[in-house]
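S.K.: My structure is below; once you've seen it, I'll send some questions.
The values are calculated or read from the model by the stated rules, or taken from the named source; none is laboratory data. Quantities reported herein were computed from a predicted structural model and do not represent experimental measurements. Glycine gets a Cβ as well: all are built from the backbone with ideal geometry, and neighbour counts include every protein chain shown.
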Amino acid sequence: MTPAVLLDLDGTLTDPYPGISASILYALERLGYPPADEQTLRAAVGPPLEGAFATMLGGDAVLAKEALRLYRERYAPIGIYENRVFDGIPQMLTDLRAAGLRLYIASSKPRAFCESIASHFGFADQLDRIYGSEFDGRLVAKADLIGHLLAEERVDPLRSVMVGDRRHDVEGARANGLRVIGVSWGYGSPEEFAAFPPDAMVDDVAALAGEVLRQLERRP
């Protein structure tokens, strides 16, 4: 069975901060709440947004759902494209494809948004398939999403690796028996990775393909 590489999207392949932060601020303004500070906005990149909104809104789950609806009101037509691919990512994907690996996006972001981003920024053709959550909340937990992907694609977790920039990527990979590589150019802090250590950390996009191959060689 061909080894697989599962790739997070936000903070790993692309920098979505301008669109995500502006759409969060839009939702808070529509609800009559003060704007979140930059630290809070940056912490919201990557994890499921409904939970991030609940934290910003004092734990109010109902209000968090409405905030998510308002967020998508701006994000879908505008914020999704306020984004950029990190330098070196297209070459990294090319190198992994040349090595004969299967490549999948595994993101907590809604699948439809992931597909639009990959298509708009020109790297959809380098992927075997794109996996994300559904708008009704299914597969929003990273462990559930990864488990679904492994089952759908018949991926052997012992011969595969997850790449991501947040603790949720580490936890989701661990829950499904995958090795995991953390990347430092995203939105996870050193303290976060110290508390949830991956199998390897990469600080330079140019070194990522090589680290993926090293991790895969360590598995049977």
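S.K.: Please list, ordered by residue number, the helices (runs of 4 or more DSSP H) wholly in the range 1-116 having 3 or more residues that are within 28 Å of A209 (Cβ to Cβ).
M.R.: Fully inside the range 1-116 and qualifying: 17-31, 89-98.
S.K.: For the range 94-113, give me each residue that is over 14 Å from the mean Cα position of the chain (by Cα) and without any contact (Cβ under 8 Å) to a residue 60 or more places away in the chain.
M.R.: T94, R97, A98
S.K.: Quickly run through the range 144-168 and pick out the residues that are under 21 Å from L213 (Cα atoms), part of a helix (DSSP H, G or I) and out of contact with any strand residue (DSSP E or B) (no Cβ under 6 Å at 6 or more places or on another chain).
M.R.: L150, E153, P157, L158, R159
S.K.: Tell me which residues, restricted to the range 119-143, are outside any strand (DSSP E or B), charged (D, E, K, R) and either in contact (Cβ under 8 Å) with a residue 24 or more places away in the chain or outside the structural domain of G188 (by TED's automatic domain parsing) (or both).
M.R.: Passing the criteria: D128, E134, K142.
S.K.: Which numbered condition trips up S107, out of (1) farther than 17 Å from L49 by Cβ; (2) surrounded by 19 or more Cβ atoms within 10 Å (Cβ to Cβ)?
M.R.: Every condition holds for S107 apart from (1).
S.K.: Restrict the check to the range 23-38 and report whether at least one residue is touching a residue at least 24 places away in the same chain (Cβ under 8 Å) and touching a strand residue (DSSP E or B) at 6+ places or on another chain (Cβ under 8 Å).
M.R.: no
S.K.: Please tell me if G182 is assigned to a loop (DSSP other than H, G, I, E, B) and either in contact with a Leu (Cβ under 9 Å, 6 or more places away or on another chain) or buried (at least 19 other Cβ atoms within 10 Å of the Cβ) (or both).
M.R.: For G182, the condition - assigned to a loop (DSSP other than H, G, I, E, B) and either in contact with a Leu (Cβ under 9 Å, 6 or more places away or on another chain) or buried (at least 19 other Cβ atoms within 10 Å of the Cβ) (or both) - is not met.
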